[in-house]
Amino acid sequence: MALESTPNHTQTVAGWAAHDSSGKIVPFIFKRRENGVNDVTIKVMYCGICHTDLHHVKDDWGITMYPVVPGHEITGVITKVGSNVKNFKIGNRVGVGCLAASCLECEFCKNSQENYCDQIQFTYNGIFWDGSITYGGYSKMLVADHRYVVRVPDNLRMDAAAPLLCAGITVFSPMKDCQLLDSPGKRVGIVGLGGLGHVAVKMAKAFGHHVTVISTSPSKEIEAKQRLGADCFIVSTNDEQMQRGKRTLDVILDTVSAQHSLGPILELLKVNGTLAVVGAPGRPMELPSFPLIFGKRAVRGSMTGSMEETQEMMDVCGKLNITCDIELIKPDQINEALDRLARNDVRYRFVIDIAGNSQL
């Protein structure tokens with residue numbers, strides 16, 4: 001069913017979209033559905049720019065349905081509430097991440113793991129229950145099913161909290177799975193110091209761990225240690241440093257989305273150590289068997305998090321005062337920001353000031 005033939009899509013909304021694989025973002029007027037009984041309408045204040053946005057606008061993965069309105073790191077304020085919605089009210093500060101809909105009936109949906117539902121639909125470039133294509137947060141307003149919305153703690157800045165909805169939950173979830181939330185004193189490695197990596201360092205330090213950043217960029221060492229509080233820094237292209245780091249880490253979180261071999265990284269793990277992969281290179285990663293076998297090591301993947309986990313992450317960030325380091329931009333700077341993101345020229349997340357009032 002095409003969007004145009006979906007009868008209750010009657011609200012005209014201004015946003016920003018890419019119309020072809022050039023990836024150029026231009027202003028775009030489109031329709032959103034009326035607020036249904038399970039929906040909340042959100043005035044979008046801020047939206048982070050994720051690496052996934054870049055892949056989608058350029059159709060790198062061959063799945064983009066144009067026009068595409070990206071954005072799944074959304075913070076805003078509720079302006080309307082459906083009759084079935086009891087947990088939100090008008091004026092609430094809320095966030096929307098990657099998820100827009102799931103089947104609600106499979107084992108994963110029933111056990112608060114709906115992010116692994118095989119019918120999961122995303123906040124943009126997905127197909128909603130009514131058959132319409134979902135449009136994301138590069139937009140003045142959003143209608144979302146309340147089951148896929150979380151509260152933003154009052155003490156967190158709405159702009160710096162926005163990237164927590166994707167980058168934050170993507171690193172929080174594997175940390176929780178690896179028992180890093182309530183057992184301090186572990187030695188944790190973070191590969192890559194970008195949008196995900198910098199939040200991972202902040203979280204791991206706040207949870208009481210010894211943190212080592214593993215990066216290809218020697219220039220990031222001062223920043224990693226002084227600004228983000230990392231304890232150690234290993235340049236992954238420096239054989240001597242990598243040799244010294246062998247068998248020193250309990251858990252490693254790999255946030256890098258560029259092609260790289262997992263072999264040298266696995267060698268940094270202690271026996272029985274775990275490598276959690278959250279970066280998504282386009283081609284298969286090299287996974288040699290010897291470092292795996294001779295260290296009894298495990299490699300696991302992790303994808304965002306459930307809604308329950310996302311709310312838990314937001315609450316933990318509120319309690320520990322964790323937000324992202326951001327560069328705030330205006331909507332007319334989106335193309336420039338995407339170009340810079342492609343060159344890794346951002347510390348550490350671009351956030352679009354959608355509503356134009358950056359005091360919140």
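The values are calculated or read from the model by the stated rules, or taken from the named source; none is laboratory data. Given the structure is predicted, the values throughout are model-derived calculations rather than measurements. Here the Cβ is made from the backbone with ideal geometry for all residues, glycine too, and neighbour counts use every protein chain on show. All accessible areas refer to the heavy atoms of the entire protein, side chains included, with ligands and DNA or RNA removed. Shrake-Rupley method; radii C 1.70, N 1.55, O 1.52, S 1.80 Å.
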Original post:
within 30 Å of Lys86 (Cα to Cα) and open to solvent by 40 Å² or more (accessible area, probe 1.4 Å): does that describe Asp159?
Top reply: no
**OP:** Report whether or not Gly185 is touching a Gly at 6+ places or on another chain (Cβ under 9 Å) and at pLDDT 95 or above.
**Re:** yes
**OP:** All but one of (1) in contact with a strand residue (DSSP E or B) (Cβ under 7 Å, 6 or more places away or on another chain); (2) exposed (fewer than 15 other Cβ atoms within 10 Å of the Cβ); (3) of a type in the set (S, T, N, Q) hold for Asn272, so report the exception by its number.
**Re:** (1)
Subject >> Residue check for Gly36: surrounded by fewer than 23 Cβ atoms within 10 Å (Cβ to Cβ) and either without any contact (Cβ under 8 Å) to a residue 24 or more places away in the chain or touching a Phe, Trp or Tyr at 6+ places or on another chain (Cβ under 9 Å) (or both) >> reply: no
Subject >> Residue identified as crowded, with 24+ Cβ neighbours inside 10 Å, of a type in the set (Gly, Ala, Ser), under 30 Å from Thr248 (Cβ atoms) and out of contact with any helix residue (DSSP H, G or I) (no Cβ under 7 Å at 6 or more places or on another chain) among Gly136, Gly168, Gly192, Gly185 >> reply: Gly192
Original post:
Do the conditions hold for Ala14, that is, is it among the aliphatic types (A, V, I, L, M) and touching a helix residue (DSSP H, G or I) at 6+ places or on another chain (Cβ under 6 Å)?
Top reply: no
Original post:
Being out of contact with any Gly (no Cβ under 8 Å at 6 or more places or on another chain) and under 16 Å from Gly318 (Cβ atoms), is that true of even one residue in the range 142-156?
Top reply: no
Original post:
Of all residues in the range 303-317, how many are crowded, with 19+ Cβ neighbours inside 10 Å and at pLDDT below 95?
Top reply: 1
**OP:** Might you check whether a residue that is among the small types (Gly, Ala, Ser) and free of Cβ contacts under 8 Å to residues at least 12 places away in the same chain occurs anywhere in the range 70-89?
**Re:** no
Original post:
Taking only pairs six or more apart or across chains, which ones have beta-carbon atoms under 9 Å, a first residue in the range 287-316 that is touching a residue at least 12 places away in the same chain (Cβ under 8 Å) and aromatic (Phe, Trp, Tyr), and a second residue that is outside any helix (DSSP H, G or I) and open to solvent by 60 Å² or more (accessible area, probe 1.4 Å)?
Top reply: none
Original post:
What is the number of the single condition among (1) over 25 Å from Val94 (Cα atoms); (2) open to solvent by 30 Å² or more (accessible area, probe 1.4 Å); (3) in contact (Cβ under 8 Å) with a residue 24 or more places away in the chain; (4) touching a helix residue (DSSP H, G or I) at 6+ places or on another chain (Cβ under 9 Å) that Ile326 does not meet?
Top reply: (1)
Original post:
Do we have any residue at all in the range 42-58 that's open to solvent by 70 Å² or more (accessible area, probe 1.4 Å) and more than 23 Å from Ser173 (Cβ to Cβ)?
Top reply: yes
**OP:** Output the residues belonging to the range 149-181 that are part of a helix (DSSP H, G or I), within 23 Å of Ile63 (Cα to Cα) and not small (Gly, Ala, Ser).
**Re:** Leu165, Thr170
Original post:
Restricting the first residue to the range 98-124 and requiring it to be more than 25 Å from Pro163 (Cα to Cα) and part of a loop (DSSP other than H, G, I, E, B), which pairs with a second residue that is at pLDDT 95 or above and open to solvent by 30 Å² or more (accessible area, probe 1.4 Å) meet a Cβ separation below 6 Å and a spacing of at least six or different chains?
Top reply: Cys103/Gln119
**OP:** Kindly provide the set of residues from the range 196-210 that are open to solvent by 10 Å² or more (accessible area, probe 1.4 Å) and of a type in the set (Gly, Ala, Ser), ordered by number.
**Re:** Ala206, Gly208
